[in-house]
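Readers should treat all values here as calculations from the given coordinates under stated rules, not as data from a laboratory. Just so it is clear, the structure is predicted and the values come from calculations on it, not from any experiment. Cβ sites come from the backbone with ideal geometry, for glycine too, and all protein chains shown count toward neighbours.
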Amino acid sequence: METIHGNLKGLKSSELKQLQKLYRQKIPVDAIATPEFAQRLAAISTDIGKPISTYINRRGQVIRVGVGTPRQTQIPPLELPRYGASRLCGIRCITTQAKAHPPNVDTLTTMAIQRWDALATLILSGSGFERRGGGPTGYIQSTYLAHLASQSSQEATESPESPAHWHVSSPLSLDILTKQDFLDLVEGLEEEFEREHVALEVEEGKERVLVVGIETQEMTREQFQHQLTELQRLVESAGGTVLDTLQQKRSHPHQQTVVGSGKVDEIALSAQTLGASLVVFDRDLSPAQVRNVETRVGVRVCDRTELILDIFAQRARTRAGKLQVELAQLEYLLPRLTGRGEAMSRLGGGIGTRGPGETKLETERRAIQKRISRLQKEVNHLQEHRERLRHRRQSQDVPSIAIVGYTNAGKSTLLNALTSAHIYTANQLFATLDPTTRRLVVPHATTHEPQTIVLTDTVGFIHELPPSLIDAFRATLEEVTEADALLQVVDLSHPAWRSQVESVSTILGEMPLAPGPMLMAFNKIDCVDSETLEAAKADFPQAAFVSAQDNIGLEPLRQKLGQLVHYTTCV
């Protein structure tokens, strides 16, 4: 279909026909362009008084003709051929330009983002697009040839017009441009990209991730850096590899694209240069923001909540954990159905949108709502089951303590050290998800006789825990509100341990029922300096200080747990 793209306003039907005839041109596979094609393009551009951009594949076929600059007429990212960091996209752009200067940064950035084979810019004769001169070479004054630059050639090509990502030639005659060996140029570039890609190759099966952080005015620089580091660890916990991290400081996120337009281009450029398969933002995004950024960047975009849900889906082992994760994922997905691919039709409110039957989108929405209702019933049954178990323990007068704390603080490791529970542990965020209850013998606070209590390891907390997770895991989190007391484990070796304590306190404060009394246990004291340890002891004199990994301070902790239980029974 000979569609002409771009700004067609004011064009005559005869001019449109001339543009459509460009689709019938065939370029030799080893040439960037032929003199005849270039002159014809320049003539039409001069006649209509507008730039023209044509896109040619490696078979020499013109696949797109647009009126406007390459930035205005570029191929939509989702329509581009599939390519990776070691390959070019297989398409070159031939464009016309009135002013006698190299292609601008916007055009070169578009080339780099879309990984064109090459960009040839034809400089028209005369002033602006005013037709002047004649003869077989009267339309073209000079040309420029641009292409991507490999890392190894960056130092040699560095200049104001040719920064790290591309190389731009000096002005060339049309004869020199059309005699360039196009296949030799492309094959040489892809060989260099392939060597560099192999050197940067990540472990097979791992997602290649670009992390994006937005520093807003309500956070300090230190808080932002801790938040960004945590996001990188979340990516690693999900099984991804962070290739690079981009940052932007804004008063508030952009309504359409989260970050500014220039930063979106930078993200797209980095994603294509590094071969990223996923872009992760450090905050929750609206469905429209995800769609807008994906359209501009050309790779999948994920927000913080979706990343955490993915980790939970990987970690869930029991049936209870799996159904709670599925419930949270579906509740997250439901409002984001609109725009998830062109295959899903839309319901509208105008002519042609009404009629019998349902759209695919509404059919899927209905199916998800039914599944959510079913899962909520199962979670309610799980809640009732856990309640019966708690009543049974309470009837036996066995005090219960719920272990809470920030993710990766060492809760499961501490439970293993105290009770030999053999729970899976790893230096990851949300390494364990399903709650585990174990018995522990502690000394009575007054008689010092052995007494039995139960410890329950709960799901780890995190800054701004997604609401869908809180709702789905209410059956698990009720262990916190129904326990006689809490044991909050804090990773003292973490630079932001005070902020993590505040985050846990905030989440506990939002519980529907107020939790019982709490004992603080500062973990990993073997990994901190004496100054940090003394500061924590001064601020929290009643706390326990332990190293669960090295079994340090466990006996004083048992004694404090006995005192905590005694306090709860007296109250």
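List of remarks:
- Overall shape: prolate for the stretch 33-128, with the ratio a/c of the largest to smallest alpha carbon gyration tensor axis at 1.5 or above and a/b above b/c.
- Over the stretch 207-302, the ratio between the Cα radius of gyration and 2.2 N^0.38 Å evaluates to 0.99.
- Cross-link partners of residue 17 among lysines, defined as those whose alpha carbon lies under 21 angstrom from its own and excluding same-chain residues fewer than eight positions apart: 9, 26, 50.
- Cut-off under 5 Å, modelled amide H: who pairs with residue 213 long-range: 246, 247, 248
- In a simple Cβ point-charge model (Lys, Arg +1; Asp, Glu -1; nothing else charged), the stretch 390-570 has a dipole of about 480 debye relative to its Cα centre.
- Each peptide among 402-409, 503-510, 458-465 gets the average number of other Cβ atoms lying within 10 Å of its residues, and from highest to lowest they stand as 402-409, 458-465, 503-510.
- Distant-in-sequence amide contacts of residue 52, defined by a placed amide H-H separation under 5 Å and a gap of 5 or more residues or a different chain, comprise 68, 96.
- Here the relative contact order of the stretch 390-570, from alpha carbon pairs under 8 Å that lie six or more residues apart, stands at 25 percent.
- Taking amide H as placed 1.01 Å from N in the peptide plane, the amide H of residue 461 sits under 5 Å from that of 405, 406, 407, each at least 5 places away or on another chain.
- Mean Cβ neighbour count within 10 Å, used as a protection proxy, ranking 493-501, 235-243 highest first: 235-243, 493-501
- Given 322/411; 249/370; 12/99; 99/179, the pairs whose alpha carbons are separated by over 31 Å: 249/370
- For the stretch 390-570, the antiparallel share of DSSP beta bridges with both residues in that region comes to about 35%.
- For the stretch 390-570, with +1 on Lys and Arg beta carbons and -1 on Asp and Glu, the positive-most of 442, 405, 495 along the dipole: 442
- Lys, Arg +1 and Asp, Glu -1 on Cβ, resulting dipole of the stretch 49-111 about Cα centre, debye, nearest 20: 180 debye
- ³J(HN,Hα), Karplus 6.51/-1.76/1.60, whole Hz, each residue of the stretch 38-55, x for Gly, Pro: 4, 5, 5, 4, 5, 5, 5, 4, 5, 5, 8, x, 9, x, 10, 10, 10, 10
- In terms of surrounding Cβ atoms within a 10 Å radius of their Cβ, 381, 566 rank from fewest to most as 381, 566.
- Placing +1 on the Cβ of every Lys and Arg and -1 on the Cβ of every Asp and Glu, with no other charges, gives the stretch 207-302 a dipole of roughly 220 debye about its Cα centre.
- Rg followed by Dmax, in Å, when the stretch 390-570 is reduced to its Cα trace: 15.4, 46
- For the stretch 103-109, Karplus couplings with θ = phi - 60° (6.51, -1.76, 1.60), whole Hz, Gly/Pro x: x, 6, 4, 4, 5, 5, 5
- Only Cα pairs under 8 Å and 6+ residues apart enter the sum, and on that basis the relative contact order of the stretch 207-302 stands at 37 percent.
- Each residue of the stretch 529-543 was assigned a 3J(HN,Hα) from its phi angle through the Karplus expression (A = 6.51, B = -1.76, C = 1.60, θ = phi - 60°), giving 7, 5, 5, 5, 5, 5, 5, 5, 5, 5, 7, 10, x, 8, 6 Hz with x at Gly and Pro.
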